[in-house]
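Below: one structure, written as structure tokens.
The values are calculated or read from the model by the stated rules, or taken from the named source; none is laboratory data. Worth saying up front: this structure is predicted, and the values here are computed from it rather than measured. Reconstructed Cβ throughout: ideal geometry from the backbone, glycine too, with neighbour counts over all protein chains shown. Surface accessibility is based on the protein's heavy atoms, side chains included, excluding ligands, DNA and RNA. Shrake-Rupley method; radii C 1.70, N 1.55, O 1.52, S 1.80 Å.
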Amino acid sequence: STVAIIPCRLGSKGIPGKNFRPLAGYAPVAWGAAAAKQAKRLDVIYVSTDAPERAKEALAPVMSPANGFPPVSVLARPAALAQDDTPDLSVFWHAITELHVSDDSIVVVLRPTAPFVSAKDINEVVELLFSNSVLDSVRSVKPSRHHPRKSYIDSGTIGSIPTILPYTGWARHAANSARQTLEPVWYSGGFVDAVRARVIRSGSMEGHIIGRWLVPRDRGLGLNSEDEWLAVEALARSRGWRPGLIDLC
């Protein structure tokens with residue numbers, strides 16, 4: 001089976017209450033849920049949350065049977081698994097355990113912070129993992145703006161002077177190399193990911209062999225700051241987008 005899980009906690013530091021705050025009239029969690037309901041490659045959809053009643057209220061506008069299949073269910077998550085430092089692995093381990101998800105199932109990760117995901121995107125990611133048994137997972141990625149071989153980390157101080165070291169170590173450090181000469185680098189887009197349930201049970205959210213799926217440039221905006229929120233909302237309103245109705249052209 002293919003199980004979609006939307007992690008949606010009540011708390012948020014960057015944008016307080018962002019998962020339930022109206023975005024162009026609909027909570028972010030409703031945007032992803034609407035796309036999931038239209039995805040033909042999903043069997044069941046769950047919202048994992050520490051605020052079940054708030055989640056049901058936010059999902060109400062997209063719960064009509066006419067808005068797709070399958071339905072969206074709410075899975076209550078303990079408050080201890082909804083903290084700022086709670087890792088994804090703990091959240092998804094809890095979900096697949098509570099839902100008795102079999103090891104050969106595919107778990108799809110949809111985040112409220114990526115509201116413009118479409119059913120087509122979800123189907124493509126699931127199909128990529130389903131059709132390639134060698135893959136442990138598929139990650140949605142974006143091109144990295146800053147190459148890690150040009151980056152540094154703090155290494156302490158000498159007296160009162162802060163010092164740094166190459167992030168990738170001296171052997172691979174390339175701060176003085178032209179960007180065009182370096183290999184392409186991708187970072188996690190948090191748009192739509194898929195992972196085999198057995199990989200989660202092994203203690204990882206991605207495993208060792210990871211497929212790459214490129215996030216659409218025009219819809220890959222996130223919700224990690226107030227400025228990003230305003231940009232996302234402006235885009236939705238300018239294009240007339242709403243949950244389940246996103247122009248892919």
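Label 7 Å along Cα→Cβ of residue 228; the range 87-126 residues with amide nitrogen under 15 Å?
Taking a point 7 Å out along Cα→Cβ of residue 228, the residues of the range 87-126 whose backbone N falls under 15 Å are 111-117.
With N residues in the range 179-249, what two-decimal value do you get for its Cα radius of gyration over 2.2 N^0.38 Å?
1.47
With a probe of 1.4 Å, find how much accessible area the chain has per residue, and write the answer as a whole number in Å².
52 Å²
Tell me, what are the semi-axes, in whole angstrom and largest first, of the equivalent ellipsoid of the chain as set by the roots of 5 times the Cα gyration tensor eigenvalues? It would help to have the intermediate numbers written out before the result.
Numbers: eigenvalues 206, 94, 78 Å².
Values for the chain, descending: 32, 22, 20 Å.
In a solvent-free Debye calculation with one equal scatterer on each Cα, what is log10 I(q)/I(0) for the range 1-97 at q = 0.20, 0.24 Å⁻¹, listed in the order of the q values?
-0.98, -1.31
For the chain, which whole percent of the accessible surface, found with a 1.4 angstrom probe, sits on carbon and sulfur atoms?
Answer for the chain is 54 percent, counting heavy atoms of protein chains only.
For the range 114-221, what are Rg and Dmax over the alpha carbons, in angstrom?
18.0, 57
Residue 101: net charge of surrounding residues, Cβ under 13 Å, Lys/Arg +1, Asp/Glu -1, itself excluded?
-1
Might you work out the accessible area of residue 10 for me, using a 1.4 Å probe with all protein chains in place, and round it to the nearest 10 Å²?
Roughly 70 Å² of residue 10 is accessible to a 1.4 Å probe.
Could you grab the relative contact order for the range 140-231? Cα pairs under 8 Å, six or more apart, rounded to a whole percent.
Averaging sequence separation for qualifying contacts and normalising by length gives 32 percent for the range 140-231.
Mind listing the Cα extents of the range 10-66 along all three principal axes, in Å, largest one first?
Extents along the principal axes, in whole Å: 34, 22, 19.
Among the listed pairs 13/37; 120/142; 56/142; 18/56, which have their C-alpha atoms separated by more than 25 angstrom in this model? Each step should come with its number before you reach the end.
Details: 13/37 29 Å; 120/142 18 Å; 56/142 32 Å; 18/56 16 Å.
The answer is 13/37; 56/142.
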